[in-house]
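Undergrad: Take a look at the following structure, please.
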Amino acid sequence: IRNRETGETKRAARNVRSRISWSPDGEKIYFSRITRNNPYWQGFSDLFVVEIESGATNRLTNGLRLHDPDVSPDGSTLAAITVADGTQNLVLYKIEDERITYITDNKHGEQVYAPKWSPSGDEIIFATSSGFNRHIVEYSFETENFSILAGSENFDARDPVYSPDGIQIYYASDETGIFNIYRYNRVNMLIERVTNVLGGAFMPSVSEGILVYAAYKSDGYKIAQYNDLSPVDESKKYIAGTPAWFDESLHAAYNPGTDDKGINWNRLRNYDDRDVPGYDSEGYSSVFTNTMLVPLIRFDNYIPERDFTDMIKPGLYLMTRDILEHHALFAGATINRRLERDLFAIFEWSSGLPPFSLFGWYPRISFEIFNITRKTDALIELREDLKIDVDVTYNLTEFNVVLKDHIVHPSNELEILYRHSRYGYDVGSFFIPETNRLVGAFGELYLVGNILQAQLTHRGIIPTIQTEINPVGRFIRFRYGYEFNKFNPRLEYDDEENILFTDYDRPRFHRVEGEWREHYRVSRNQTLTARLRGGSIIGKEVDEFFNFYIGGLMGMQGYPFYSLGGNEFVSLNLTYRFPLWEGIDFRLAQMQFERLYGSIFTDIGDAWTGSFTGVDELKRNVGFELRLESFSFYSYPTRIFFSAAYGFDEFTRIFRDEPVTYGKQWNFYFGILFGFDLGTGSLWKR
């Protein structure tokens, strides 16, 4: 709300998605808001009212798809627009008894816009269209008739409002090819143009001899005020429906008939989409989009000692989906010159699948398979004085079945997962020098893993234009998993009657993990985030292969990923984030840069196996991050970040019988991804 005399402004309500209407006493504002708080959890528009003095907001409807309210002069009834099957209708909503009455009976895609009551309450005026242009229509409660007041096949008329005395109707029209404000005299049926702008004038409102309207200018929309409502040009008055002063040459330039390329613009502008053949209706069957193939080149430096050419991985992504998103397929493959591969395929299904559909449950189901191979060199020690170089290929395969659905509220999601893993290795053939005997290639599985997991997530993040780069709200996640595995990490064997059998351990255990994040708005675009995480493998200790790891980019950045690992963990992060450059609005090649944010953060935490070592042994780090929000090719989100963190505490871990020291050093991270938030995944890796 803006005070015209003092220029002071204050916010009356958030997330307003329609025109507003003042109550007759000026103490309330009616509006509509899109929410998912309805029986269908869909984005429906409903009516609300806010009390200006207290700021209290009350919801009036639930799931009725009503918008653009206007309150009657006696304050008892709202005129509003309802939407169903692509058709809009004008309705009356009685505030006291919540009763809805239909004024129009549209059924074939007609649209209705911006109803306004007359000062007497005897009429309602609104805009409507069934084709290209809008017309202004008045409805009389006395006669129950509709009258077309302005608009034609050749020009558009919209946004009508009554003057306070009810004599004039102000509206916007593009009769000259540019939208300006006009007024229609209900007594003598004269029409006159009020404004003469070059950009555009829309949505007029009149009070105390002052016209306020939305003005379109070279730098966007503004609110404009016009103080002289005397006729602009007395010669340019005409009887409604007979625009004698209308400039045909201007109109011809704006709306030609058939041009030199044979295009009939009149026919296109006045196309009637109701005039279609009598198609027979039939049940929907899946219609998939064209398969999209995306070539890519990956750079994998997971073994820094390799040649540069070994780090280059060309590949291909494949994507297609059902038009209604009932099904989707996403797959990809990359391979390098050493024939190391990365393969995956994800198929999603959401149109119902027995036995779940038999109980009325229609979760989104994903079938996922992943396979990667990595090659390395190793030494086989046959005896102390005989070690042989061999080629080893690790082959890791996982298959997931995932069920996802919202529960209780659309911000809550339940995920149920089953994962089957098969991790193995293959040793290439080699010669024993002493005997020149060839040992054939062989392989073995060192893990056959199974996980049953349930995860409950609450995403209470407030949707704003800065949500991605600087979220506000709450995120909670709790995960429980039960694992039953066959595991042989040390490649041990049993010898039974001269036959070697793999000596598998069979670790079975429960795992719990939780996270709570609160993003507090400190000021307009500054936030303070507190993030608490913890996890435990319940019961006896298990091999470090199954550890949680809390270092690296998604955890305590002052320490490398594998430096902080254990069967249990806890950590706390505090982050203060602030804008460095809002509204960059700069384009470079295919990149469009929007905003730059900075942050400073600190972490404290640790991971351990066995007894907790005490608060004094917790590790600490501090750091900073830069986030640059941008887009590629106008539509692909492209998030660029750089962060640096310093670990205060120095400690030593033993890996492969060798001591490795961490801490007292800087760690740097850089990335270009689709999103900034990498911290919602699991903290344990295989």
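The values are calculated or read from the model by the stated rules, or taken from the named source; none is laboratory data. Because the structure is predicted, anything quoted here is derived from the model rather than measured. Backbone-built Cβ (ideal geometry, glycine too); neighbour counts: all protein chains shown. To get the accessible areas, we keep the full protein, side chains included, count just its heavy atoms, and leave off ligands, DNA and RNA. Shrake-Rupley method; radii C 1.70, N 1.55, O 1.52, S 1.80 Å.
Undergrad: Specify the residue that is surrounded by the most Cβ atoms within 10 Å (Cβ to Cβ); the eligible residues are those in segment 645-679 that are of a type in the set (Ser, Thr, Tyr) and in contact (Cβ under 8 Å) with a residue 60 or more places away in the chain.
TA: Tyr662
Undergrad: Sticking with this structure for a sec: Which pairs do you get when a residue that is of a type in the set (S, T, N, Q), found in segment 8-32, comes within reach of a residue that is outside any strand (DSSP E or B), reach meaning Cβ atoms under 6 angstrom, with the pair 6+ apart or on two chains?
TA: Ser23/Gly75; Ser32/Arg17; Ser32/Ser18
Residue-by-condition table, conditions (1) modelled with pLDDT under 85; (2) open to solvent by less than 80 Å² (accessible area, probe 1.4 Å); (3) of a type in the set (D, E, K, R):
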residue: Ala333; (1), (2), (3): no, yes, no
residue: Glu340; (1), (2), (3): no, yes, yes
residue: Gly360; (1), (2), (3): yes, yes, no
residue: Asp391; (1), (2), (3): no, no, yes
residue: Val402; (1), (2), (3): no, yes, no
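Undergrad: Scan segment 580-620 for residues that are in a loop (DSSP other than H, G, I, E, B), surrounded by fewer than 15 Cβ atoms within 10 Å (Cβ to Cβ) and of a type in the set (Val, Ile, Thr) and jot them down.
TA: Thr613
Undergrad: Among Ala328, Ala345, which is of a type in the set (A, V, I, L, M, F, W, C), out of contact with any Leu (no Cβ under 7 Å at 6 or more places or on another chain), closer than 30 Å to Asn37 by Cα and without any contact (Cβ under 8 Å) to a residue 40 or more places away in the chain? Write out each step before concluding.
TA: Working: Ala345 fails: closer than 30 Å to Asn37 by Cα.
Every option except Ala328 fails the conditions.
Undergrad: Something else now. Give segment 247-306 a look and list any residue that's among the hydrophobic types (A, V, I, L, M, F, W, C), open to solvent by 90 Å² or more (accessible area, probe 1.4 Å) and either at pLDDT 80 or above or in contact with a helix residue (DSSP H, G or I) (Cβ under 9 Å, 6 or more places away or on another chain) (or both), or say none.
TA: First pass over segment 247-306, keeping only residues among the hydrophobic types (A, V, I, L, M, F, W, C): 250, 252-253, 263, 265, 268, 276, 287-288, 292-294, 296-297, 299, 303.
Now drop any that are not open to solvent by 90 Å² or more (accessible area, probe 1.4 Å), which leaves 265, 268, 288, 292-293, 297, 299.
If the condition is that a residue be among the hydrophobic types (A, V, I, L, M, F, W, C), open to solvent by 90 Å² or more (accessible area, probe 1.4 Å) and either at pLDDT 80 or above or in contact with a helix residue (DSSP H, G or I) (Cβ under 9 Å, 6 or more places away or on another chain) (or both), then Phe288, Met292, Leu293, Ile297, Phe299 are the ones that fit.
Undergrad: Let me ask you something else. Would you please list the contacts, defined by Cβ atoms under 6 Å and residues six or more apart or on different chains, that run from a residue in segment 56-71 that is closer than 16 Å to Gln88 by Cβ to a residue that is assigned to a loop (DSSP other than H, G, I, E, B) and modelled with pLDDT under 95?
TA: His67/Ser18; Asp68/Ser18; Asp68/Arg19
Undergrad: I'd like to check which strands (runs of 3 or more DSSP E) are fully inside segment 9-96 and have at least 1 residues that are open to solvent by less than 20 Å² (accessible area, probe 1.4 Å) and on the phi < 0 side of the Ramachandran plot. Quick ask: steps written out before the conclusion?
TA: Numbers: elements: 28-35, 44-51, 57-59, 66-71, 77-84, 87-94.
Result: 28-35, 44-51, 66-71, 77-84, 87-94.
Undergrad: A further question on this structure: Considering only segment 643-655, how many residues are more than 21 Å from Thr467 (Cβ to Cβ) and assigned to a strand (DSSP E or B)?
TA: 9
Undergrad: Going through Tyr549, Tyr559 one at a time, which residue ends up being touching a residue at least 60 places away in the same chain (Cβ under 8 Å), open to solvent by 10 Å² or more (accessible area, probe 1.4 Å) and in contact with a Phe, Trp or Tyr (Cβ under 6 Å, 6 or more places away or on another chain)?
TA: Tyr549
Per-residue answers, yes or no, for (1) part of a loop (DSSP other than H, G, I, E, B); (2) hydrophobic (A, V, I, L, M, F, W, C); (3) within 17 Å of Phe655 (Cα to Cα); (4) out of contact with any Asp or Glu (no Cβ under 9 Å at 6 or more places or on another chain):
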{"position": "Glu513", "(1), (2), (3), (4)": "no, no, no, yes"}
{"position": "His519", "(1), (2), (3), (4)": "no, no, no, yes"}
{"position": "Arg531", "(1), (2), (3), (4)": "no, no, no, no"}
{"position": "Lys540", "(1), (2), (3), (4)": "yes, no, no, yes"}
{"position": "Phe545", "(1), (2), (3), (4)": "no, yes, yes, yes"}
{"position": "Met554", "(1), (2), (3), (4)": "yes, yes, no, yes"}
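Undergrad: Could you list, ordered by first residue, the pairs with Cβ atoms under 7 Å in which the first is in segment 430-454 and more than 24 Å from Tyr394 (Cβ to Cβ) and in a strand (DSSP E or B) and the second is among the acidic types (Asp, Glu) and open to solvent by less than 20 Å² (accessible area, probe 1.4 Å), at least 6 apart or interchain?
TA: So the pair list comes out empty.
Undergrad: Across segment 344-374, what is the total count of residues that are farther than 30 Å from Arg306 by Cα and either of a type in the set (S, T, N, Q) or assigned to a helix (DSSP H, G or I) (or both)? Spell out how you get there, then give the answer.
TA: Step one: of segment 344-374, the residues farther than 30 Å from Arg306 by Cα are 346-368.
Of the ones still in play, those that are also either of a type in the set (S, T, N, Q) or assigned to a helix (DSSP H, G or I) (or both) are 350-351, 356-359, 366.
Residues in segment 344-374 being farther than 30 Å from Arg306 by Cα and either of a type in the set (S, T, N, Q) or assigned to a helix (DSSP H, G or I) (or both): 7 in total.
Undergrad: Residues Arg459, Arg524, Arg490: which one is open to solvent by 50 Å² or more (accessible area, probe 1.4 Å), within 30 Å of Asn15 (Cβ to Cβ), at pLDDT below 90 and not hydrophobic (A, V, I, L, M, F, W, C)?
TA: Arg524
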